[in-house]
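Taking it in order: structure first as structure tokens, then the write-up.
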């Protein structure tokens, strides 16, 4: 890992490199749309490290929204003993795949 950054997106932190793709909760954007993340907490470029207090000044990460999709289905089971109560429901979270284009 020669060049990477730690960004904050939707209240979660991600360690990203140029060319990486990662999943986040669904963004309110269309597929193919480009955007910039200015909440950069750390930038490492070989031996040069910039640590934010809390954010690194003038640092940004250019990203592109690759696709919007649903995540894997999880099963949620509710159960109460001695009362014959059992309930199983499923849930699929909406997600977006984001690709990192450039770390500045």
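The values are calculated or read from the model by the stated rules, or taken from the named source; none is laboratory data. Here the structure is a predicted model, which means the values were calculated and not measured. Positions of Cβ are generated from backbone atoms using ideal geometry, with glycine treated the same way; all protein chains shown enter the neighbour counts.
Go through region 1-43 and tell me which strands (runs of 3 or more DSSP E), entirely inside it, have 2 or more residues that are within 15 Å of residue 103 (Cβ to Cβ), touching a strand residue (DSSP E or B) at 6+ places or on another chain (Cβ under 6 Å) and free of Cβ contacts under 8 Å to residues at least 12 places away in the same chain.
Counting at least 2 such residues, we get 12-16.
What about residue 27, is it under 18 Å from residue 4 (Cα atoms), out of contact with any helix residue (DSSP H, G or I) (no Cβ under 9 Å at 6 or more places or on another chain) and surrounded by 13 or more Cβ atoms within 10 Å (Cβ to Cβ)?
No: the conditions fail for residue 27.
Search region 76-104 for residues that are closer than 30 Å to residue 64 by Cβ and pair each with any residue that is surrounded by fewer than 10 Cβ atoms within 10 Å (Cβ to Cβ) when their beta-carbon atoms are under 8 Å apart and the residues are at least 6 apart or on different chains.
Pairs that qualify, where the first residue is closer than 30 Å to residue 64 by Cβ and the partner is surrounded by fewer than 10 Cβ atoms within 10 Å (Cβ to Cβ), are 91/73; 91/76; 92/72; 92/73; 99/19; 100/19.
Take residue 46 and tell me if it is touching a strand residue (DSSP E or B) at 6+ places or on another chain (Cβ under 8 Å), buried (at least 17 other Cβ atoms within 10 Å of the Cβ) and either more than 19 Å from residue 97 (Cα to Cα) or modelled with pLDDT of 95 or more (or both).
Taking the combined requirement at face value, the residue does not satisfy it.
Quick one: how many residues across region 44-71 are assigned to a strand (DSSP E or B), farther than 22 Å from residue 93 by Cβ and without any contact (Cβ under 8 Å) to a residue 40 or more places away in the chain?
4
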